[in-house]
Each structure stands twice: as structure tokens, then as C-alpha cells.
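Trainee: First the structure, which I've put down as C-alpha cells, then a few questions once you've had a look.
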Amino acid sequence: MRINKLLSNYGYCSRKETNRLIEEGRIIVNGISCEKGQWVEETDEILLDGKKVSPKDKIYLAFNKPKGIICTTSNDKENNIIALLNYPEYIFPVGRLDKDSEGLIIMTNDGELANNILFSENYHEKEYIVRVDKEINEEFLLNMSRGVKILDIITRPCIIEKIDQSIFRIILTQGLNRQIRRMCKALGYNVLELKRIRILNIRLEEIEVGKYRKISAEEIQNLKRLILNKGD
């Protein structure tokens, strides 16, 4: 695999950050300075700052992201999720939740697991509670469930349930940019509040806004099973 993927899978840094380390001459492969995009084997001797690279212990956190926080690892962005958590080890968000939304984000250093969760062809479920600016009718629910044309495509059929006059629960199996907001807008509704409460088997539960909990080993085992079975 490429050096970027290996370091990400091992829990050292992002693929983008790997390029910076290479430019600074801090990665050595079999005694030779590493090049961008270089292919490596796990059996190669790979040194970072003179120390041998090996898989780090995996970290899995369920974080309740507040509104106004950006899901990015770029330190130059204000109100970024990494600065807010201030976690002592390298971690990154699995996917995104837009700045105006809140709720569940999985934070990890497991690049392989993250990529498997985000692979849209696996139809992994993500569940949300949404409040819109006017009363929900049956036509809205039917159109949302069948799929809405946004970004030049028709969204996948989804599960949607009315909870209150202007609040609904929705389960998606894809992650288009600002998908729920765009779907609602296309049908004449504006989203006022959006909260993600579940990703596959990982639930937000009673985590306070701005806080996190460690995801249990049992939850991770079940998560990997769901991924292996493509969410079935």
C-alpha cells in the first residue's frame, strides 16, 4: 500500500499530513528518504523521526458535536473539531456533520475502519432527528422516502417518520453534501435543527453536547460485523 494509507491505518496521521512529513524528510524507508505516494510493505523498515513505525492502539470515541463546530483536522480553521476535543492522541472525524448541525461524530485513529464506514456502496445507516420551518404533510414524507433530486441525482429511498408537527426522524444510507437540508429545500422546507443520533450501531445516547464517550470493544466488534455484512 502507499505510505499515506499505511500511516493512516496505523493511527499516526492523516494521508495529507503524511505528505508534509515526507517533504520535511522525516520518513525513512529501508534507509532511504521516502517519496510522496511511495508504495511500501508492512515488512519494510519505516522510520518516523528516527523511530520505527508500528500500529498504534486504536481509539474509538463517540462525540456529540455542537453547532458551530467544523469537522476538519486543519488547525488553521477556527472552531475546528480537533481543537475542541483537545485529545492527547491523533484522531480524526469519520465523515462530516455540517457546521449548523449537531450530534454524533465518530472520532478515531483507525483509517481502515473509517474508510469502510464511509464507503457509500455499503448502504450504512445514519439516523437523524430534524425540525423544519412548517408543518410536515404526507406528500413531504412520501417524496422524501422515495428520493429527491439534488446535485443532479435522485437520492436513495430512505426511512422517514413524522414525530411531531414539524419534526421527523430519517434514516439515510448515503452521505451527500448537506443531503437532508438539500432534500428539504427541494420540497419547499427549510431545516431549523438537525441532529444525528446514530451511525450503524453506534448511538449518541446521553452524551452531553461537546462531550464524548469511549466506544466499547463490544460495540466496535458489532460495528465491524455490520460493515463486513454491508449493513445487513
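Trainee: In the stretch 163-182, how many are within 16 Å of D133 (Cα to Cα) and either outside the structural domain of V148 (by TED's automatic domain parsing) or in contact with a helix residue (DSSP H, G or I) (Cβ under 6 Å, 6 or more places away or on another chain) (or both)?
Mentor: Residues in the stretch 163-182 being within 16 Å of D133 (Cα to Cα) and either outside the structural domain of V148 (by TED's automatic domain parsing) or in contact with a helix residue (DSSP H, G or I) (Cβ under 6 Å, 6 or more places away or on another chain) (or both): 0 in total.
Trainee: Additional query: Which residues, taken from the stretch 170-201, are under 18 Å from P66 (Cα atoms) and not in a helix (DSSP H, G or I)?
Mentor: Once the filter is applied, which keeps residues that are under 18 Å from P66 (Cα atoms) and not in a helix (DSSP H, G or I), the stretch 170-201 yields R178, V191, L192, E193, L194, K195, R196, I197, R198, I199.
Trainee: Counting just the residues of the stretch 115-166 that are over 30 Å from N4 (Cβ atoms) and among the small types (G, A, S), which one comes out farthest from the chain's Cα centre (by Cα)?
Mentor: Among those residues, the one meeting the criterion is S166.
Trainee: Further question on the same structure: For the stretch 100-111, what are the residues that are surrounded by 14 or more Cβ atoms within 10 Å (Cβ to Cβ) and of a type outside the set (A, V, I, L, M, F, W, C)?
Mentor: Once the filter is applied, which keeps residues that are surrounded by 14 or more Cβ atoms within 10 Å (Cβ to Cβ) and of a type outside the set (A, V, I, L, M, F, W, C), the stretch 100-111 yields S101, E102, G103, T108, N109, D110, G111.
Trainee: Residue check, R225 against (1) surrounded by 13 or more Cβ atoms within 10 Å (Cβ to Cβ); (2) out of contact with any Gly (no Cβ under 7 Å at 6 or more places or on another chain), all met but one. Which one?
Mentor: (1)
Here is a yes/no grid of residues against (1) aliphatic (A, V, I, L, M); (2) over 30 Å from E193 (Cα atoms); (3) in the same structural domain as Y90 (by TED's automatic domain parsing); (4) in contact with a Gly (Cβ under 7 Å, 6 or more places away or on another chain):
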| position | (1), (2), (3), (4) |
| --- | --- |
| V29 | yes, yes, no, no |
| S33 | no, yes, no, yes |
| L47 | yes, yes, no, no |
| I69 | yes, no, yes, no |
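Trainee: Exactly one condition in (1) touching a Gly at 6+ places or on another chain (Cβ under 9 Å); (2) surrounded by 12 or more Cβ atoms within 10 Å (Cβ to Cβ) is not met by F168; state its number.
Mentor: (1)
Trainee: Filter the stretch 70-95 for residues that are closer than 20 Å to R182 by Cα and without any contact (Cβ under 8 Å) to a residue 60 or more places away in the chain; which is surrounded by the most Cβ atoms within 10 Å (Cβ to Cβ)?
Mentor: Top of the filtered list is C71.
Trainee: Same structure again: Give all pairs with beta carbons closer than 8 Å in which a residue from the stretch 43-58 that is at pLDDT 95 or above and exposed (fewer than 11 other Cβ atoms within 10 Å of the Cβ) meets a residue that is of a type in the set (S, T, Y) and assigned to a loop (DSSP other than H, G, I, E, B); count only pairs at least 6 apart in sequence or on separate chains.
Mentor: none
Trainee: Moving on to the next point. Quick one: is L113 of a type outside the set (G, A, S), part of a helix (DSSP H, G or I), in contact (Cβ under 8 Å) with a residue 12 or more places away in the chain and under 20 Å from K211 (Cα atoms)?
Mentor: no
Trainee: Output the number of residues of the stretch 186-232 satisfying the condition of being of a type in the set (D, E) and within 10 Å of A62 (Cα to Cα).
Mentor: Going through the stretch 186-232 one residue at a time, the tally reaches 1.
Trainee: Taking Y212 and the conditions (1) within 14 Å of the chain's Cα centre (by Cα); (2) surrounded by 13 or more Cβ atoms within 10 Å (Cβ to Cβ), which numbered condition does it fall short on, given that it satisfies the others?
Mentor: (1)
The values are calculated or read from the model by the stated rules, or taken from the named source; none is laboratory data. Quick caveat, the model's predicted, so the values are computed rather than measured. Positions of Cβ are generated from backbone atoms using ideal geometry, with glycine treated the same way; all protein chains shown enter the neighbour counts.
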